[in-house]
1. Modelled label-to-label distance, GLN305 and LYS76, 7 Å Cα→beta-carbon offset: nm?
2. How many nm is it between the label spots at ALA324 and ASP261, if each spot is 7 Å from the Cα in line with the beta carbon?
3. Could you please report the charge total around THR282, scoring K, R as +1 and D, E as -1 over all other residues with beta-carbon less than 13 angstrom from its beta-carbon?
4. Where Lys and Arg each count +1 and Asp and Glu each count -1, what net charge lies around VAL59 among other residues with Cβ under 15 Å from its Cβ?
5. For ALA277 and SER297, compute 0.36 nm times the residue count separating them, minus their Cα-Cα distance, and round to one decimal in nm.
6. By how many nm would the segment from ALA121 to ASP136 lengthen if fully extended, with 0.36 nm per residue of separation less the alpha-carbon distance?
7. Given a 1.4 Å probe, how much area per residue of the stretch 87-191 is accessible, in Å²?
8. At 4 °C and 1.567 mPa s, grab the translational diffusion coefficient of the stretch 173-328 from Stokes-Einstein with a Kirkwood Rh over Cα pairs, rounded to a whole number in µm² per second.
Amino acid sequence: AYAAARVRCARYSARSSCDSNSVTMATSDGGGGGGGGGGGGGAATAPSTLRVALCQFTVTADKQLNVRTATAAVDKAVAGGAQMVVLPECWNSPYDTGAFRQYAEAVPSGTSMTAIGELAAKHGVYVVGGSVPEVDDDGRVYNTSVAFGRSGEVLAKHRKLHLFDIDIAGRQRFKESDTLTGGDGITVFDTEFGRVGLAICYDVRFPALAAAMRGRGARILVYPGAFNTTTGPLHWELLLRARALDQQCFVLACSPSRVPDSKYQAWGHSTIVDPWAKVVATCDHDDAIVAAELDLSAIDTVRQQIPVSIQARTDVVRVVDVQADAKD
């Protein structure tokens, strides 16, 4: 579905013509953002900076302890001046296909996301609530993120589109589809700092999804994620920098900490990347608050100096496929 949405948006249309089944649009009071510039519309001038914080913390088998840990992490991030706080993927549950259904709850009305919405309202900040296992009315389980506004309102809800099904011989095997159902929507939402695209972990491997989010005006891409110690060392930072580079956006990616005795070893290394694909801030695999002040003018600078969005040959339909002649 996102391929069709990407094509329409790549033709530089900010119209609402993208299929609502393909693109989840959440618009704040500022109105819609458009094209590569994006952002909350209206006449007001957008702020030039944004202080963000990624909360990397240890996830346990105790859901209520995880909620308390997340609460303390958000409190600490806000004390450091954060205006937008991001939590890790699957922060209220062990990252285990055998645990997802057990820990699943209604989203956003369940206890975990309710607590995060209350934190956003308490502090008057944006909170991207990482992700938690969600169960719907039909019993399907999803890996779901919720973005909360400064009054605690739900701005957007994203169900992980691409399920993490891999089998690296002798090193790593994981199959989210054993338990989870994939989502069916692209998610972007408005803030006064600009439009934000939201996806989860394995979604980062799909550049067309990132392009669709930028096509709907995203200036910041947020990926709660839990890469592992097999793929993480080679692919995590590379993919984050690649998405920042090809979409000329800030990229924020928040991981849980590594738990040495856990069956699934998270890579950690929560990271902030700027539109030049430079790592602005990162950490190792232990508990940390990764914070930075984003110079939002850098987005426009990069897009003006290297204007790939208006140079893209979306008019090309002819394919030249030259094959060697078959031998008699």
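The values are calculated or read from the model by the stated rules, or taken from the named source; none is laboratory data. Because the structure is predicted, anything quoted here is derived from the model rather than measured. Every residue, glycine as well, gets a Cβ built from its backbone with ideal geometry; the counts of neighbours run over all protein chains shown. Accessible surface areas use protein heavy atoms only, side chains included; no ligands, DNA or RNA. Shrake-Rupley method; radii C 1.70, N 1.55, O 1.52, S 1.80 Å.
1. A separation of 3.5 nm, rounded to one decimal place.
2. Calculated label separation equals 5.8 nm.
3. -2
4. Values: positive: LYS63, ARG68, ARG258, LYS263; negative: ASP62, GLU89, ASP96, ASP261, ASP286, ASP287.
Charge balance near VAL59 sits at -2.
5. Length gained between ALA277 and SER297: 5.7 nm.
6. 2.9 nm
7. 37
8. Details: Rh = 17.3 Å.
In µm²/s, the coefficient is 75.
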